[in-house]
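The values are calculated or read from the model by the stated rules, or taken from the named source; none is laboratory data. In this text, all values refer to a predicted model and were calculated from it rather than measured experimentally. Glycine also receives a Cβ, built like all others from the backbone with ideal geometry; neighbour counts cover every protein chain displayed. Accessible surface is based on the protein model in full, side chains and every heavy atom, while ligands, DNA and RNA are left aside. Shrake-Rupley method; radii C 1.70, N 1.55, O 1.52, S 1.80 Å.
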Amino acid sequence: LYHHTVRKREKTSKRAIMWLFPPLQKQVEYRTGDTVIAVPVKSGTTWMMNIFHQLRTGGDPDLKDIYAEVPWLEFKERPDQPNEELLERWKKIPDSVRRGFKSHSQPGEGPGDFAVYREDVKYVVLVRSPEEAIVSFKPFLEAHSKEIWKLWGMEEIRDQFLRPTFKEFYYEMALKGFPTMPPHLVPPGGLLTMFFFSFINGWWPLRNKPNVLFIHFSEMKKDHNGSVRKIADFLDFTPTDEQWTNVMEYTSFPWMKAHQEKFEIATLLPFKIIDDGGMVRNGKTGAASEDGMTPEIAADIASWAEKMVPDTAARKWLFEGGPLDEVTA
C-alpha cells in the first residue's frame with residue numbers, strides 16, 4: 001500500500017504527511033525584522049502565534065484564523081498548489097506589517113534541518129517537555145478532519161496513523177516513524193528525534209544570540225504575564241496600558257478555549273482542518289499521565305534523549321526549562 005500510494009503521488013513528493021513540506025521555508029524571501037516562531041509539535045505553537053499577533057495588533061478579538069495572520073512555513077493547502085503561490089502571497093504582505101511565521105524546523109546541515117537562520121530575523125524558540133508533547137500529539141493527530149486526509153489522497157491509510165491507546169501509539173508509531181516512512185529513513189528514536197531531539201540540537205548553539213529568544217512552555221504556564229512581557233520586549237512591541245489589558249485577556253487559555261475556532265485552521269480551505277477542540281485542549285503542564293503517559297514510557301523517552309541529545313545542559317533544559325544561565329550538567 002505504501003509503495004502504491006507513493007507511486008500515485010510521485011509528482012507531489014515522497015512525504016510522510018503530504019500536506020507538510022518543510023523545504024518550502026528555504027525559498028522564502030525573508031525581510032529584516034521578520035519573526036519566526038520555532039516550536040516542536042504540540043509544544044505551544046498556536047499559543048505563541050497568538051501572542052505574536054495580539055502584541056503586533058495591540059489586541060485583536062476579531063481575528064478569524066490565526067493561520068491566516070501568522071503563516072505556517074511548512075504547510076501546503078492542496079496537492080496542486082505551487083510553491084510560488086504561497087511565496088508570492090507572503091511576499092505581498094505589506095512592508096508596514098511585521099511578518100511572523102510558524103515553523104517546526106531547526107537550522108543545520110542534516111537531512112531534516114530546514115529552518116533558515118539570519119542575523120536580521122528574530123526567532124522565538126519555544127519548547128515543552130517531550131513527555132507532555134508526544135502524549136498530546138496522539139489526540140491532535142486524531143483531530144485532523146477526515147477531509148484533509150481525503151484531499152491529499154491519504155484517506156485509505158488514515159487509520160494506520162491512529163492507535164486506540166497511547167501505549168500502542170508510542171511503541172508502534174512514535175518509535176517506528178510514520179507508516180508512510182521507509183524504515184531506513186526513520187532515525188533512532190523515531191518521532192521523538194524527528195520532533196524534539198533534532199530541534200533542540202539545532203537551536204541550542206544559537207541560544208545566546210541577541211536575535212534568538214529561548215522560552216519554555218512550563219515558564220509560560222507559570223507566569224503568563226511575565227512571559228508575554230518578555231516576548232514583547234524581545235520583539236520591540238510596546239502596547240499601551242489599555243492594549244496590555246486586551247493582549248493579556250486574548251492570549252489567556254480561557255479566552256483561547258472559548259474561541260477555539262480561531263485556532264483550528266478554519267479559513268485556508270473550504271473545510272476546517274482541525275476538528276472542534278483539537279488545537280486548544282487542556283493547556284496543562286505536569287499532567288501527561290492523564291493522556292496515557294506511564295513511568296515506563298517516560299523512562300524510555302529519557303533514555304532516547306540521553307542517546308540523541310549529547311549536550312547534557314540542552315537535554316536538561318528541554319525537559320525542565322528554567323533560566324538558561326542556571327542550566328548545569
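Starting from the Cα gyration tensor of the chain, take the square roots of the eigenvalues, sort them a ≥ b ≥ c, and report rounded, prolate or oblate (rounded when a/c is under 1.5, otherwise prolate if a/b is larger than b/c, else oblate). In terms of gyration-tensor shape, rounded. In this Cβ point-charge picture (+1 for Lys and Arg, -1 for Asp and Glu), the chain has a dipole of about 680 debye about its Cα centre.
Can you list the residues, at least 5 places off or on another chain, whose amide H is less than 5 Å from the amide H of F178, using H built in the peptide plane? Placed amide hydrogens put nothing under 5 Å from F178. Phi angles of segment 209-220 translate, via the Karplus equation with coefficients 6.51, -1.76, 1.60 and θ = phi - 60°, into HN-Hα couplings of 5, x, 9, 10, 10, 8, 8, 9, 3, 5, 5, 5 Hz per residue; Gly and Pro are given as x. Per residue, the accessible area of the chain comes to 45 Å², computed with a 1.4 Å probe over protein heavy atoms only. Ranking Q260, G177, M220 by how far each Cα lies toward the positive end of the dipole of segment 169-263 (charges on Cβ) leaves G177 at the top. Filter the chain for me: DSSP H helices, axial length by Cα at least 15 angstrom, mean Kyte-Doolittle hydropathy not below 0.0. List them by residue number. The qualifying helices are 130-142, 295-308.
Around the amide H of Y123, modelled in the peptide plane, lie the amide H atoms of V36, V212, L213, all under 5 Å away and 5 or more residues distant in sequence or on another chain. Placing +1 on the Cβ of every Lys and Arg and -1 on the Cβ of every Asp and Glu, with nothing else charged, gives segment 84-200 a dipole about its Cα centre of roughly 300 debye.
The portion of the accessible surface of segment 15-174 made up by carbon and sulfur, rounded to a whole percent, is 51 (1.4 Å probe; DNA, RNA and ligands excluded).
Each Cα pair under 8 Å and six or more residues apart adds its sequence gap; the mean of these over the residue count of the chain is a relative contact order of 25 percent.
Converting phi to 3J(HN,Hα) with the Karplus coefficients 6.51, -1.76 and 1.60 and the offset θ = phi - 60°, segment 179-196 yields x, 7, 9, x, x, 6, 9, 8, x, x, x, x, 5, 4, 6, 4, 8, 10 Hz in sequence order, with x at every glycine or proline.
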